[in-house]
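As structure tokens, the structure follows; a few thoughts come after it.
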Amino acid sequence: MNYYFLAAIAIFLIAFFVIQKQNSNKEKVVEYKVSSPSIQTDSVMDFGYKMVWIAVKTSQKNRLAEIINLKRIRDANWESGIETAYDNGIFITPQIGEWTLIAGTGLPNKGDTKENIVELENLLNALSAEFGEAQFFGTHRVVEFHNWMKSTNGNMERIYSYVGESMESIKVLGVPTKAEEGLELFNSLSEEAKNEAYFEREDLTYADETLVMDIAEKWSVNPTKLSERTDIKDELGLAGK
């Protein structure tokens, strides 16, 4: 009787530890940062069109990965990182002057609905509270979606989000920045837009991808001109999902 009882306990314990070991290994697969000796630094590559990205005034890539809860993290150079960014992933770039970019179609909130703009506001405010300043940019020419947002010291200062396909401003917040001086930006949410004559005005500026890059350049970093810069650190970035 005791022999069978002890044997049953032994089998139970062995099975328990095997299952625990398997679960532990599964967790390590998700969280483990892959070191890739074969990945070497390469020439800087431009990007930006049909893309969303966040610019943060910091060099702390690992901390950014932690804040956005990046998974399946691996070292990445420009070529592999940008490829990941356009393939529903995320690329945290090498340091660009004072800035680091978090780019990728894998970002869950792209600033194209009221709901995910709220989520972006929370994220940018958290980033700027820690690092001083954080910005978001998004552009996609197919539906003429264009967005720029700026947060400083934990406070959202400026939002402009617009979809040309539907002639709709998703959200407009704050006073136009110096980078927007001289622009009569279309705003379907304004009081003026309640009058049909507003939509016939010829002095209005309709955002496009070129304007998004121009705002990005004046605020922080224009990703379509990275190859022209001389202040980009020769290092690997991080890629993940």
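The values are calculated or read from the model by the stated rules, or taken from the named source; none is laboratory data. Quick caveat: nothing in here was measured; it's all calculated off a predicted structure. Using ideal geometry, Cβ is built from the backbone for each residue, glycine included, and neighbour counts are taken over all protein chains shown. SASA here: full protein model, heavy atoms, side chains in, ligands and nucleic acids out. Shrake-Rupley method; radii C 1.70, N 1.55, O 1.52, S 1.80 Å.
Residue ranges 166-176, 187-197 sort as 166-176, 187-197 when ordered by packing (mean number of other C-beta atoms within 10 Å per residue, highest first). Once you sort the root eigenvalues of the Cα gyration tensor of segment 25-169 as a ≥ b ≥ c, which label holds: rounded (a/c under 1.5), prolate (a/b larger than b/c) or oblate (the other case)? Prolate is the answer for segment 25-169, as a/c is 1.5 or above and a/b outweighs b/c. Atom-type composition of the exposed protein surface of segment 102-241 places 47 percent of the accessible area on carbon and sulfur (1.4 angstrom probe).
In terms of distances greater than 20 angstrom between alpha carbons, the cross-link table entries 110/150; 71/171; 110/241; 110/194 yield 71/171; 110/194.
On a per residue basis, segment 102-143 carries 40 Å² of accessible surface, using protein heavy atoms and a 1.4 Å probe. Each residue, residue 69 and residue 40, gets one label point 7 Å from its Cα in the Cβ direction; the gap between the two is 3.8 nm. Segment 200-241 and segment 76-101 have Cα centres spaced 14 Å apart.
When Lys and Arg each count +1 and Asp and Glu each count -1, what net charge do the other residues less than 12 Å away from residue 57, Cβ to Cβ, add up to? Don't jump to the answer; show the numbers that get you there.
Details: positive: 150; negative: 98, 130, 133.
Once positives and negatives cancel, what remains is -2.
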